[in-house]
Amino acid sequence: MGRLFGTDGVRGIANSELTPELAFKLGSAGAHVLSEANAHAKPIFVIGADTRISGDMLENALTAGILSVGGNVIKLGVIPTPAVAFLVRHFRADAGVMISASHNPFEYNGIKFFNGNGYKLDDAIEDKIEDIILRDMDLALPVTGDALGRCIEAEEDAMSLYVSFLLGTAGDLNLTGKKVVLDCANGASYQVAGRVYERLGAEVSIIGNEPNGININDACGSTHPEKLQRAVIREGADVGLAFDGDADRLIAVDDQGALIDGDKIMCICARQMKKEGRLKDGLLTATVMSNLGLHKYMEKIGGRVEVTKVGDRYVLESMLQTGSRLGGEQSGHVIFLEHTTTGDGILSSLQLMRAVAASGRSTAALAGEVEVYPQVLRNAPVKNENKQKYKDDEEVQAAIDTVEHAMAGEGRVLIRPSGTEPLVRVMIEGSDVEKISEMADSLAALLTRKFG
């Protein structure tokens, strides 16, 4: 068995790679490791899940694992990932677990842990949990009688608590007279999002809110916003808001039916936060994949951008180091650190709506201020052992320098090895699509010729 934990928990095809047996072991090992420094005699875990058919199976196996080593469990039911991060703090639990494979198809599922402060687990703690499982240690053996854990009822309704929390982040936002279309991806936000927007006075229309266990992310949600775009135009809505399966991402649609991706959402919110003095040092945190247009826009409003590797965990790490309050990815995973500890699609949508309302302008007008530069991506097949060699190759570096010089500050080149495939990815951004396509083809061919 290889490494269990990826950048976002343990994932795989449910009942094949991610089995009930593995879920049980993750529960017992997680409870054992996290109980070593817990605040309770018995560690308390909160568990949430999205709408996948495999959620019940994995939740029960995971719960059994936790109870078998003396941990207690509060089951939150179907609820977004960021709700687990919030509720673990609210209930003063020792850890939270979300059962979801985010934007992946329904046959996949995942198990993701949060610590008692609502942050994803440190690598060192994940390594301890993984070590117990790989060594096949039987942790439940000595636990019997009243040492066993139990499922306990929460004193307050989890969903109502989360709705109240979200509304608290919206300030004085009033959406009376505004028409909003929500796409809940047949996922974890299907009950929460509508409640939030109705409470704010909006006229709400919802699609993707009829989960059946197998239709999560199926031609809907943030990864497939075409249906939402059509609905916004058809209904003459002011905005469309699409979440992914576990509702930690947001992709928006303006009143003209055009997409507003994570980069544009961050720019619009950064502008408003800067105006209100809430954008510490004018700093926005983004990944290497964010569009050049984001950098140009931040420059224009007198802000600056801190750049990280791809992955929300790297964005968060950087934000905690620099004190940045806003960061995220083009995919719509945006972190508002003054409000919460992880990406939250509904919270992000409320911050976007606040910025739009404060500007007095339409979503299309605001989003149109961010010029998006065309991007072309080419995959260069190389041998796995050669994926890093381009960094020290004089011919490749000279070719990259030539491309960068030709774009004269109005474009950029990003070369990065794939983490999972024998490929080096070439991304070039610039104003002339034909020109950057030729450059990307040429660089990819050079990489394959030298290292394939």
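The values are calculated or read from the model by the stated rules, or taken from the named source; none is laboratory data. Since we're looking at a predicted model, the values are computed, not measured. Glycine also receives a Cβ, built like all others from the backbone with ideal geometry; neighbour counts cover every protein chain displayed. Ligands, DNA and RNA are stripped out before the accessible areas are found, and what is left, the full protein with its side chains, is counted by its heavy atoms. Shrake-Rupley method; radii C 1.70, N 1.55, O 1.52, S 1.80 Å.
Just to be sure I understand, how many residues within the stretch 273-293 are farther than 14 Å from GLY327 by Cβ and either free of Cβ contacts under 8 Å to residues at least 24 places away in the same chain or not polar (S, T, N, Q) (or both)?
Taking the stretch 273-293 first, the residues farther than 14 Å from GLY327 by Cβ are 274-277, 291-293.
Cutting the leftovers down to either free of Cβ contacts under 8 Å to residues at least 24 places away in the same chain or not polar (S, T, N, Q) (or both) gives us 274-277, 292-293.
Total satisfying the criteria: 6.
Looking at the stretch 185-196, can you tell me whether even one residue there is open to solvent by 10 Å² or more (accessible area, probe 1.4 Å), more than 19 Å from LEU167 (Cα to Cα) and in contact (Cβ under 8 Å) with a residue 60 or more places away in the chain? Write out each step before concluding.
Keep residues of the stretch 185-196 that are open to solvent by 10 Å² or more (accessible area, probe 1.4 Å), which gives 186, 190-191, 195.
From what's left, more than 19 Å from LEU167 (Cα to Cα): 186.
The next check asks that each one be in contact (Cβ under 8 Å) with a residue 60 or more places away in the chain; those that pass are 186.
Yes: one or more hits.
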Go through PHE114, PHE106 for me and flag whichever is open to solvent by less than 10 Å² (accessible area, probe 1.4 Å) and either at pLDDT below 90 or aromatic (Phe, Trp, Tyr) (or both).
PHE114
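Scan the stretch 242-272 for residues that are of a type in the set (A, V, I, L, M, F, W, C), surrounded by 22 or more Cβ atoms within 10 Å (Cβ to Cβ), within 28 Å of GLY302 (Cα to Cα) and touching a residue at least 60 places away in the same chain (Cβ under 8 Å) and jot them down.
Here is the first cut: in the stretch 242-272, the ones of a type in the set (A, V, I, L, M, F, W, C) are 242-243, 247, 250-253, 258-260, 265-270.
Remaining after also requiring surrounded by 22 or more Cβ atoms within 10 Å (Cβ to Cβ): 242-243, 247, 250-253, 260, 265-270.
Add one more test, that the residue is within 28 Å of GLY302 (Cα to Cα), and what stays is 250-253, 260, 265-270.
Scanning the stretch 242-272 gives LEU250, ILE251, ALA252, VAL253, ILE260, ILE265, MET266, CYS267, ILE268, CYS269.
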Say we look at the stretch 197-232 and pick out the residues that are in contact with a His (Cβ under 9 Å, 6 or more places away or on another chain) and among the hydroxyl-bearing types (Ser, Thr, Tyr); which of these is least open to solvent (accessible area, probe 1.4 Å)?
SER222
By residue number, the members of the stretch 122-173 that are surrounded by 11 or more Cβ atoms within 10 Å (Cβ to Cβ), out of contact with any His (no Cβ under 8 Å at 6 or more places or on another chain) and hydroxyl-bearing (Ser, Thr, Tyr) are SER160, TYR162, SER164
Give me the pairs, please: first residue somewhere in the stretch 368-390 and within 30 Å of ASP255 (Cα to Cα) and β-branched (Val, Ile, Thr), second residue anywhere and assigned to a strand (DSSP E or B) and open to solvent by less than 20 Å² (accessible area, probe 1.4 Å), beta-carbon distance under 6 Å, and either six or more positions apart or on two chains.
VAL376/ILE428
Residue check, ILE233 against (1) within 15 Å of ALA367 (Cβ to Cβ); (2) touching a Gly at 6+ places or on another chain (Cβ under 6 Å), all met but one. Which one?
(1)
Could we say that ALA237 is under 15 Å from the mean Cα position of the chain (by Cα), of a type outside the set (Lys, Arg) and either open to solvent by 50 Å² or more (accessible area, probe 1.4 Å) or at pLDDT 95 or above (or both) here?
no
